[in-house]
1. Cα centroids of segment 149-228 and segment 16-66: how far apart, whole angstrom?
2. In whole angstrom, and with the biggest value first, how far do the Cα coordinates of segment 47-133 range along each principal axis?
3. Diagonalise the Cα gyration tensor of the chain and give the resulting equivalent ellipsoid semi-axes, square root of 5 times each eigenvalue, largest first, whole Å.
4. For segment 150-237, build the convex hull from the C-alpha positions and give me its volume per residue in Å³.
5. Is the shape of segment 208-299 best called rounded, prolate or oblate, per the rule: a/c under 1.5 gives rounded, else a/b larger than b/c gives prolate, else oblate, with a ≥ b ≥ c the square roots of the Cα gyration tensor eigenvalues?
6. Normalising by the residue count of the chain, find the relative contact order in percent from Cα pairs under 8 Å and 6+ residues apart.
7. In whole percent, what relative contact order does segment 19-130 give with Cα contacts below 8 Å and a gap of six or more residues?
8. Mean residue ellipticity at 222 nm from the helices of the chain, using -39,500 (n - 2.57) per DSSP H segment of n ≥ 4 over the full residue count, to the nearest 500 deg cm²/dmol?
Amino acid sequence: MKINSIIKRQRKQLSLTQEQVAQYLGVSIAAVSKWESGHTYPDITLLPPLARLLKVDLNTLLSFNEELTDQEIAVFVNELSQKVGSIPFSDIMEEAREKIREYPNCDRLICNVAMTIDGVLAMDPKADNTIYQKEIDQLYERLLKSEDLIIRHQILALLINKYIAAGELEKAEALLNEIPDRIVDKTRIQANLLIQKKEYLKAVELLEKKMLSYAENLRDTQLSLLTVKKELKEWESMERIKEVSKQTIALYELWEYGSNLVDMQYGILRKDVVSTLKGLKGLLKSIKHPWSIENSLLYPHIPTKKSEEAGLPEYYLKSLTEEIKQEEALEFLHGNKEFEKLLDQD
């Protein structure tokens, strides 16, 4: 916790107003407001009287006993892990307790330590799981109130999986509803919960949709990489990405249009006439045969409607042909007989 948060927290706990703090220290109310917002900090000469007023010591006020760096946390957790097997679990637990007592408000430390000792406990047959697990779970529950959203949602996900494994499905579902989709990908957790509830059709639809989404994102990422590799003049890597992208589309049973687009994009970037024409022929052909997810064995449970199918209606073919004729990136094909014939026949 930073000094501005400590000042604000302690002031409120003591039922002091910003005006009272300002009068005690001989500063303006605006100054106190800026301290609490983090825009400015108290002058060093004001720290001792401020600490006395807020009834905290200087170490606490200056966050000396509040935060550790990520490196310091990593070193401590690593040292703790290396002692597994060489000392009793009770000693490891006591070292963890001592560190948390030293830095009681460092949620990142508590989070890393709790997950580490939880993992150690699961592998130690000699440890009394009942006693220690309760203490570890109390640390997790404490972190559910953390001001760090990432930590809070990380612990929520962890506890949800614990509840699912223990068969406490109502608790798991209640916690799951607290996690925003933008913070944590809930798909696998939701699927595990549905499986435990024996709602298999809902689970398989959810997972198929997620797999399809990943496949489409992977395809689009690979297509973008082609352009970057060209600018870096990494020709062999560019060739490999083209191959992998086409394999991805085939492996995940995506629309063939994407594979032809890869050929065309690669050809344009390399000014490769053969590859570009191959891609163009495929594009014009695949538009006539729109992709239907219903024909895929990978996604049979994803509901579809005709209007939602991934193809372009055939009447778009003429419009696309006109766009190709006007595409500046294809100027190097102008005058090519096969190119002209390809467009004329459509």
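1. So the separation of the two Cα centres works out to 44 Å.
2. Reported extents, whole Å, longest axis first: 53, 27, 18.
3. Values: eigenvalues 657, 180, 88 Å².
Largest first, the chain gives 57, 30, 21 Å.
4. Considering the Cα atoms of segment 150-237, their hull volume per residue is 126 Å³.
5. Cα axes put segment 208-299 in the oblate bin.
6. 8
7. Numbers: 66 pairs, mean separation 22.3, N = 112.
Across segment 19-130, relative contact order equals 20 percent.
8. Using -39500 (n - 2.57) per qualifying helix, the result is -21000 deg cm²/dmol.
A short reminder: the numbers here are calculations on the coordinates, not readings from a lab. Since the model is a prediction, treat every value here as computed from it, not as a measurement.
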